[in-house]
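Bear in mind these aren't lab numbers, they're just calculated from the coordinates by the rules spelled out. Here the structure is a predicted model, which is why all the values come from computation and not from measurement. Here the Cβ is made from the backbone with ideal geometry for all residues, glycine too, and neighbour counts use every protein chain on show.
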Amino acid sequence: MTAALAEHARLIEALEATVGADRCLHRREQLLVYECDGLTLHTADPSAVVFPESRDEVQAIVRACRKQRVPFVPRGAGTGLSGGALANDGAVVIECSRLNRIRAIDPANRIAVVEPGVVNADLSAAARPHGLFYAPDPSSQLACTLGGNVAENAGGPHTLKYGTTTHHVLALELVLPDGSCFELGSATGFAPGFDWVGAVVGSEGTLGIVTAITVRLSPIPESVETLLAIFPDVVSACRAVGMVIEAALVPAALEIVDQRTIRAVEDSVYAAGLPRDAGAILIAELDGPAVALPAQIERVRELCGRAGADRVEIARDEAERQRFWRARKGAFGAMGRLAPDLYVHDAVVPRSALPVVLEKVCEIGDRYGLTLSNVFHAGDGNLHPNISFDRRDPDQLARVMAAGAEILKLCVAAGGVITGEHGVGTEKREFISLVFGDADLEAMQRLRATFDPDRICNPGKIFPTTRFCAESNPKARGYDRVPM
Ligand SMILES: Cc1cc2nc3c(=O)[nH]c(=O)nc-3n(C[C@H](O)[C@H](O)[C@H](O)COP(=O)(O)OP(=O)(O)OC[C@H]3O[C@@H](n4cnc5c(N)ncnc54)[C@H](O)[C@@H]3O)c2cc1C
């Protein structure tokens, strides 16, 4: 047996001692599933995947990895779109899906205490009998976990009114990379001293393993009104978004779906009876006291008309409302019809820049000869230019990467940032220098080192590994070697 094999055997033995052989995967064919997340462009082979069922087991795994000097990476449902849960450097994947208990729902204090493997939508379902819900609602909410949401500071269609995950997390239990455990924040929402919860939310699994989360629950609004406006093009839909915000309305959601996406949806199981010739649709949702909504929704209808909408429909009942949302939430799935691979981009621009930026994004897609579509959280200025492609074609792949880089630079030049909700992960670590200087990055690294001085927790994420000159060259970044 070679030294490397012997070392691997020792690691597996140590991991099996923590969770048992049936909760430790290490054969090549078992590990394949864990070689990537929702962004299939990047892959990395884990040494093993372990499934803890308690905080004590998480601590034991972390200590075993540490002893063997092997890095580890927490993983939720693997729906991440930035390669955040990738097992770089042969890391051990700590799969948190079995830490899935809702420990408490406390209506009097409007909070819930959950484990990180609880699926986002399951928490709202459990809170519903109490008249409560968990507000952050990523489009992946039927699958993604709250641990993944905390790590990515996930948003969703209703972020516009309710805020992102960070606005709903009150306290965390965190297993540090040395195996110790800390309680951060407080269930009251008030904690003296440094905002450690704020530091951990959005840290992309680089500071430790979250093993319990106390979240704020919100009252289910008395009434909801949903409107679907049909526009001749995406630019006029963007103009309507600006007008609604300028009118001091606070919609719960403002989402745009462009023509290419509409057609993919209508060809798919998510078909919602949308007009295939529409240039774009805008879904606007308002919620609150029943008495206030009719006037507000009429105002939105009027503004959409002024922005150039051909037609505006207001959902007559819950079934119709769900039909409108089906088109939006099924959009990424429907795009599987366009090509074998989908690169979901994620960047933010000031809302006022939306019309100009969208036009330029489409121009970039055309110039590179790519199938580019847009479905996005328009109210937040959070764009998702989606490129459908086939990664088996190296020329196409190179064009996808070059177009993606141009889109990011365009958004930053318009006063935006490189990610709204999917995180930096592996995908954008070489682009983080577009928004942060060396001194900023060094300060972040120092914070990280406070939690993880040896950088064994989720290595190779967020921070750049190459200098900027190499970034736009797909070969230099290894994209020419993406496995088929
Ligand atoms: C169809 C589709 C639609 C999507 N829509 C949205 C959307 O609307 N809004 C949005 O924000 N995102 C969206 N996403 C992206 C993704 O669902 C989110 O980033 C989600 O938060 C990831 O959760 P997960 O459980 O899948 O985490 P994973 O992908 O498994 O992991 C994501 C990150 O979390 C870390 N992590 C996981 N568990 C823990 C833990 N216990 N402790 C510490 N770190 C941990 C991992 O290390 C990794 O860095 C979408 C994805 C898809 C495929």
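Data table
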{"item": "Loop chymotrypsin sites (Phe, Trp or Tyr not before Pro), segment 144-228 (other Cβ atoms within 10 Å of the site Cβ: 10 or fewer; DSSP)", "result": "Phe190, Phe194"}
{"item": "Global form of segment 94-193, assessed from the alpha-carbon gyration tensor, a/c cut-off 1.5", "result": "rounded"}
{"item": "Simple spin-label estimate for Ala125 and Arg27 in nanometres, 7 Å along Cα-Cβ", "result": "3.2 nm"}
{"item": "Sorted by Cβ neighbour density within 10 Å, fewest at the top, the residues His168, His130, His42", "result": "His130, His42, His168"}
{"item": "Built amide H within the under 5 Å cut-off of Thr211, gap 5+", "result": "Glu173, Leu174, Val175"}
{"item": "Hz values of 3J(HN,Hα) by residue in segment 352-368 - Karplus curve (6.51, -1.76, 1.60), Gly and Pro given as x", "result": "5, 8, 3, x, 5, 5, 4, 4, 5, 4, 5, 5, 4, x, 5, 4, 8"}
{"item": "Alpha-carbon centroids, segment 263-337 and segment 425-463: separation in whole Å", "result": "39 Å"}
{"item": "Placed amide H near Arg311: partners under 5 Å, 5+ positions off or other chain", "result": "Ile230"}
{"item": "Residue-by-residue Karplus 3J(HN,Hα) for segment 144-155, coefficients 6.51, -1.76, 1.60, Hz, glycine and proline x", "result": "5, 9, 5, x, x, 5, 4, 4, 9, 6, 4, x"}
{"item": "Cut-off 18 Å (backbone N to label point 7 Å along Cα→Cβ of Arg10), residues of segment 66-80", "result": "66-72"}
{"item": "Extension gain (nm, one decimal) between Leu142 and Asp277, 0.36 nm per residue minus Cα-Cα", "result": "45.6 nm"}
{"item": "Residue-wise HN-Hα coupling along segment 222-236, computed from phi with Karplus coefficients 6.51, -1.76, 1.60 (Hz; x: Gly, Pro)", "result": "4, 9, 9, 10, 10, 10, 10, 10, 9, 10, x, 7, 6, 5, 5"}
{"item": "Pairwise label distance in nanometres, Phe194 with Arg306, each label 7 Å out on the Cα-Cβ vector", "result": "4.9 nm"}
{"item": "For segment 354-459, alpha-carbon Rg relative to the globular expectation (2.2 N^0.38 Å, N residues)", "result": "1.24"}
{"item": "Linear extension gain, Ile220 paired with Glu183, 0.36 nm per residue minus alpha-carbon span", "result": "10.4 nm"}
{"item": "Sorted by Cβ density within 10 Å, fewest first, the residues His422, His377", "result": "His377, His422"}
{"item": "Long-range amide H partners of Ala253 with built H, under 5 Å", "result": "Glu285"}
{"item": "Glu320-Arg98 pseudo-label distance in nm [points 7 Å out on the Cα-to-Cβ vector]", "result": "4.9 nm"}
{"item": "FRET E, pair Arg63, Asp395, Förster distance 60 Å, beta-carbon r, rounded to 0.05", "result": "0.80"}
